[in-house]
Amino acid sequence: MEVDEENPSSASVAEPTPPGTDAEMLATSEPATDIMGPATLTSPMITPAAVPPSAPPAVAPLSAPPPVLVPSIAPLPIVPPATSRPLAPLPVRPFLTQNGEAMASESESEDDDQGSEMDAQGSSVGYEITEESRVVRERQEKAMKEFMMKRRAAALAVPTNDVAVRTRLRRLGEPITLFGEREMERRDRLRMLMAKLDAEGQLEKLMKAHEEEEEAASAKDEVDEEMFQYPFYTEGTQELLEARKFIAKFSIVRASQRLQRARRKRNDPDEDEDAEVDWALRQAETFVLDSSEIGDDRPLGGCSFSKDGNLLATCSSSGVAKIWSMPEVKRVSALKGHTVHATDVAFSPVSDIVATASADRTAKLWNTDGTLVRTFEGHLDRLARIAFHPSGKYLGTSSFDKTWRLWDIESGAELLLQEGHSRSVYGIAFHLDGSLVASCGLDSLTRVWDLRTGRSVLALEGHIKPVYGADFSPNGYHLATGSEDNTCRIWDLRKKKSLYIIPAHSKLISEVKFEPQEGYYLVTASYDTTVKVWSSRDFKLIKTLAGHESRVTSLDITGDGQCIATVGHDRTIKLWSSSVPSEEKSMDLG
């Protein structure tokens, strides 16, 4: 053991090791004691620095043990540096955190969370906060306050009614509106103001006072409502009540007759409805131009056959309506009285009385000899279309004042002023039973009204552009409408929806008419200068009547369905008749 204690010194001298290596080994001796344990304490402790280098001859044979000890020391400078150098500063940090604690204590007043972390990291280098950093921090704090303010404002209940918003601003002592401020901007301003008051702790007190004021106001409103009850319906006149009673009785009789005829066709084995429809459609296929006559110096806007088909009435932009004899198309009389252009004309279904509508806001009633019977005044804008009730006692007019009106023929009194359209009302048509009336207009909407109650029973939406024409089918449950979207829609009143869409023309449809006996075919007129006949069974095209040189504005069909009259902007009256021999021109009415 004594020899072993002396040999390390000789071995260390024999090996040419630089001084730096010994110093590193000495420096790492302390961690080595921790790692290697007490067994390695003897070798590093014996380091005689004064051993003379003159003993190599005697120690040479004993050089075998040192190589055994050297490998145990050799790993020491390799393993500890990787673990000791990062860990060496750890015990030093408590001594350097004195300044860091002082810095953290200064920053705690500004930001307890962020400042302590930043100071703890920067304490080892000892930097100071610059002016730029302080400005950035203030900007961040301001943005955080604004964010929290908006977050608090989003949780507040703010009135959506602009009147309530103005009232709340007035109660808070703020201006109710600013220059150029809109409703949403005013509401946002109230929201931010309430959030600010909430942050300051003043909102609860103000809201309590406001609630007391609102309770007092609501109690006053309840008292006022109890004192006066507003009626839901507009009160009508006694004449309107009598008219509704008459229309109800009239429509019941007409509906009963229509249903009896339908039941007979369905149950009678001798009735072949399909054969009758085929015969009517074959007849429609033979329509040809029979005659053409210049109707006026200005474009024609409307036409109507008398109940027996012996007379035809037309109106033009000159304001003059004319009566023509059929089938010669010879002028019988001229109806002069309107100051501006006439928009429509209609014959009464029970007599030879003619009604005309004009852009001078009036409708007039005439005899066929040109005598003025009565003038109907009341509309606030120009009239569009005019139609008689099937009973012949009432007249319906549509106008650009967004209303349609019902007039008494005998007294000339205005029985009903009906609103309901958001834009101008253009077309009007009565159901053959007399119970319903359809109105259509520039709002792309068609409404069906019950004349017996005054209610709007259907609102038919589907057209994407203004609707200019409407007509009820004689079967009682189909309604056709023509629109500026170039389509004709067939509506089923039983299902309350569109049954079929006919892409009828290349331009707007100005008028639609069902064949008046059984509704076996439908005729449409358009601004594309054509008139088309469609099957009511499958709504296929039967015949195209081409002959006008300009827009076709109106059409009408005789009671027996044998003749069609059309007028247009080319100022001509054209008659289209079937080429079937006269002995076969008889349709079974049942």
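Values for this structure:
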| quantity | calculated |
| --- | --- |
| At R0 = 30 Å, FRET efficiency that the Cβ-Cβ distance of A459 and A164 yields, to 0.05 | 0.40 |
| Potential lengthening between S325 and K307 on full extension [0.36 nm per residue; Cα-Cα distance subtracted] | 5.2 nm |
| Segment L372-T177, length gained on full extension (0.36 nm per residue, minus Cα span) | 64.3 nm |
| Two-site label geometry, L380 and A546: point separation in nm, points 7 Å out along Cα→Cβ | 4.6 |
| Spin-label zone in segment 526-546 - amide nitrogen under 17 Å from a point set 7 Å from the Cα of K507 along the C-beta vector | 526-532, 545-546 |
| Total lysine pairs whose alpha carbons fall under 15 Å of each other in segment 433-590 (8 or more apart, or interchain) | 7 |
| Highest to lowest packing among 503-516, 180-193, scored as the average C-beta count within 10 Å | 503-516, 180-193 |
| Highest average packing first - 314-322, 377-385, Cβ atoms within 10 Å | 314-322, 377-385 |
| Separation of alpha-carbon centers, segment 464-486 and segment 290-365, rounded to whole Å | 23 |
| Kirkwood hydrodynamic radius (C-alpha pairs) into Stokes-Einstein, segment 249-586, 20 °C and 1.002 mPa s, D in µm²/s | 108 |
| Most to least packed among 553-559, 250-256, 136-142 [average Cβ atoms within 10 Å] | 553-559, 250-256, 136-142 |
| Pair S292, E273: separation of 7 Å Cα→Cβ label points (nm) | 4.0 |
| Equivalent ellipsoid semi-axes, segment 343-385, via Cα gyration tensor eigenvalues times 5, rooted, Å | 19, 11, 8 |
| Extension gain, R282 back to K336 (0.36 nm per residue minus Cα-Cα distance, nm) | 15.3 nm |
| E185-E132 pseudo-label distance in nm [points 7 Å out on the Cα-to-Cβ vector] | 3.8 |
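Values quoted throughout were computed directly from the atomic coordinates according to the rules given, and no laboratory measurement underlies them. Keep in mind that this is a model prediction, so the values were computed, not measured. Every residue, glycine as well, gets a Cβ built from its backbone with ideal geometry; the counts of neighbours run over all protein chains shown.
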